[in-house]
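One structure below.
The values are calculated or read from the model by the stated rules, or taken from the named source; none is laboratory data. All figures in this text were calculated on a predicted structure; none of them were measured in a lab. For neighbour counting, all protein chains shown are included, and Cβ atoms are generated from backbone atoms with ideal geometry for every residue, glycine included. Protein only, heavy atoms only, side chains kept; ligands, DNA and RNA dropped before computing areas. Shrake-Rupley method; radii C 1.70, N 1.55, O 1.52, S 1.80 Å.
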Amino acid sequence: MQSMAEHYPFQNFPLPYAYDALEPYIDTKTMHLHHDKHLQTYIDNLNRALSACPAQQNSTLPQLLCCTHLPRAKEEEILHNAGGVWNHRLYFAGLAPAGSKAPSGALAEAISCRFGSFEAFQQQFTAAALSVFGSGYAWLAAARCGRLLLFTTPNQETTLCRGLRPLLCLDVWEHAYYLKHFNKRVDYIADWFQVVNWAQAEQQYAFCSRKNAKNEKQD
């Protein structure tokens, strides 16, 4: 993820890999449109909304998304577009052109413990992603105690204010897969599993584990 200190005016940072790096699983044209058009639109809309809200212009994305006193006239616009920026950045950061096909270490153990096996987790995650009605996301996240949670969110709702650390973020809006997979979301999900950035997911889970161990030691 980009700097947590970033604030208005937000900008669209380059992908950490080439547009064609995820071929044949996610096609080059989709990556161009998804990053340069869809994400850029959320950024442009967010900046336009904030241009009329000087009191919020020094707020970071997390601060905007968890703010309880946004201007009422701009609240929905800010939350929707800030969520679009946050979720898309998580999604793109969670992809890797030469990623491993499965997690390892503590995360692999936690997945097996929570879901029974990695294969069972894949099946449950796929079912969750397929269950999203319309547009939204499927998530694997960790609670502060390290417990893994699998859930979905509609539209551009985020996990920021739930006290959870996202490990995997799968965008199931049609613009994420329709050029290559048409209406076959299940095929897109299967291909997405081929380019998951498990190294990053493991780092995020390790952060939760270290924080939990530190809290237990303090107690």
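Here are a few things to note about the model shown:
- Over the range 22-140, volume per residue of the alpha carbon convex hull, in Å³: 152
- If you wrap the Cα atoms of the chain in a convex hull and average its projected area over all directions, you get 12.5 nm².
- For the chain, a crude dipole built from +1 on the beta carbon of Lys and Arg and -1 on the beta carbon of Asp and Glu, taken about the Cα centre, is about 540 debye to the nearest 20.
- Solvent exposure of K180, expressed as accessible area, is near 80 Å², computed with a probe of 1.4 Å over the protein chains only.
- Net charge of neighbours whose Cβ lies under 11 Å from the Cβ of D27, counting Lys and Arg as +1 and Asp and Glu as -1: -1
- Distances between placed amide hydrogens fall under 5 Å for Y177 paired with no residue 5 or more residues away or on another chain.
- With the helix formula -39500 (n - 2.57) applied to DSSP H stretches of n ≥ 4, the chain reaches a computed 222 nm mean residue ellipticity of -13500 deg cm²/dmol.
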